[in-house]
Amino acid sequence: MTLRYLGNSPYCAANSLSVIFGPAGPGPATLEVAGGSPFGIAIHGDDIIYFSSPVWRPDFGLDNAMRLAGWECDRIHGNADDSVAILRQATWDAPVLAGPIEMGLLPYVPGLGQAVGADHNLVVIGVEGDMVRGHDVIGWPFVTVPVDALLKTWQGDTFAYPADAYAVRFNFRQTRTVSQDEILRQAMHTAVEQLSAPGIAEAAERAAQLVEGDLSSMQYKYLVEFQVQAGSRRLADAAALYREQGCDGPAAILERQALLVGSLQLLLMTHEYAQSAAVFRELGPTYAQLREAFVAQIGD
């Protein structure tokens, strides 16, 4: 797969970090792979399907991507006043990252207006009175949101995983220069760790059973409005990056996974659930195959 996808996708964390790092960063695709999100499939919460490992969490992705790329930051959580005080220190030259926040409760996001379990981040570049100014990388540069409204999104209690309230990262600094080649080499170890988690094959089978049954509105919306987009983009980027590295074994499997996950969008939108289930079952054994391909690549 040599044709790279460019365009819209829910790369919230990787795009946010890339805004903060600027030209010193390796770019969103490399950060996404370094964060470990492409590697696996899981069922969380109310039988919601995720195209990531059962042990992967967004905070781990952020921390691991920064570590492999040679960056550090400070982080606090738990106290709203302290976190807002950090927001008030934000400038264009020293942005801070607020999150996870509940995307469904952000008042500038159209069509939601309620918690939907969508963890999100906001790059804050300043506070003007009681109005936070930031870059929301889903599509709203220089967006504003009242402090009180942001606090309602920032309580960490609407997600399918435990999350800290009022978490904010700041004082971002590059501690070492790391080449893209080295980041991707180290990310292979992260991939093996994520793919070694128990329950991945079982999650693929459970996903097949869920789409064969009666998907709830939330299960369906999360697939067609987020997870298929995110999953196929992550796999496509990982495949292209490792193909460029000459890691043809892992790249070939990642390409196959990207094609399979990408094919789900039309099947689900046209309610071809038997075919959708077949795709999940075809995906099932590929995760163990991908782990072994990375293990072999590391050993070469």
- Query: So what's the angle, to the nearest 10 degrees on a 0 to 90 scale, between helix 58-69 and the longest Cα principal axis of the chain?
  - Reply: 90
- Query: Per residue, what accessible area does the chain have, given a 1.4 Å probe and all protein chains present, in Å²?
  - Reply: 43
- What accessible surface, in Å², does a 1.4 Å probe find on Ser179, ignoring ligands, DNA and RNA and rounding to the nearest 10? 60
- Note on the structure: GNM on the chain, Cα springs under 10 Å; top mean-square fluctuation among Gly199, Gly104, Gly213 goes to Gly213
- Message: Given points 7 Å out from each Cα along the Cα-Cβ axis, report the Thr177 to Asp63 separation in nanometres with one decimal.
- Response: 2.9
- Rounded to a whole %, the carbon-and-sulfur portion of the accessible area of the chain at a 1.4 Å probe is 53
- Sorting Tyr11, Tyr5 by accessible area (1.4 Å probe), largest first, what list results? Tyr5, Tyr11
- Message: So if I take the centroid of the Cα atoms in the stretch 248-300 and the same for the stretch 94-163, what is the distance between those two points in Å?
- Response: 32
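Once you list every other residue whose beta carbon is under 10 Å from the beta carbon of Tyr166, what net charge do they have if Lys and Arg are +1 and Asp and Glu are -1? Could the numbers behind the result be given before it?
On the way: positive: none; negative: Asp81, Asp82, Asp164.
Taking every other residue near Tyr166 into account, the sum is -3.
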- Query: For Asn8 and Arg88, FRET efficiency with R0 = 41 Å and r from the beta-carbon atoms, rounded to 0.05?
  - Reply: 0.85
- Task: Compute the long axis of helix 248-269 from its Cα atoms, compare it with the longest principal axis of the Cα atoms of the chain, and write down the angle in degrees, 0 to 90, nearest 10.
- Result: 80
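In debye, nearest 20, what is the charge dipole magnitude of the chain about its Cα centre with +1 on Lys and Arg Cβ and -1 on Asp and Glu Cβ, if you could check?
Dipole of the chain, to the nearest 20 debye: 480 debye.
The values are calculated or read from the model by the stated rules, or taken from the named source; none is laboratory data. Everything numeric here is computed off the predicted structure, so don't read it as measured data. We place every Cβ from the backbone using ideal geometry, glycine too, and count neighbours over all the protein chains shown. Ligands, DNA and RNA are stripped out before the accessible areas are found, and what is left, the full protein with its side chains, is counted by its heavy atoms. Shrake-Rupley method; radii C 1.70, N 1.55, O 1.52, S 1.80 Å.
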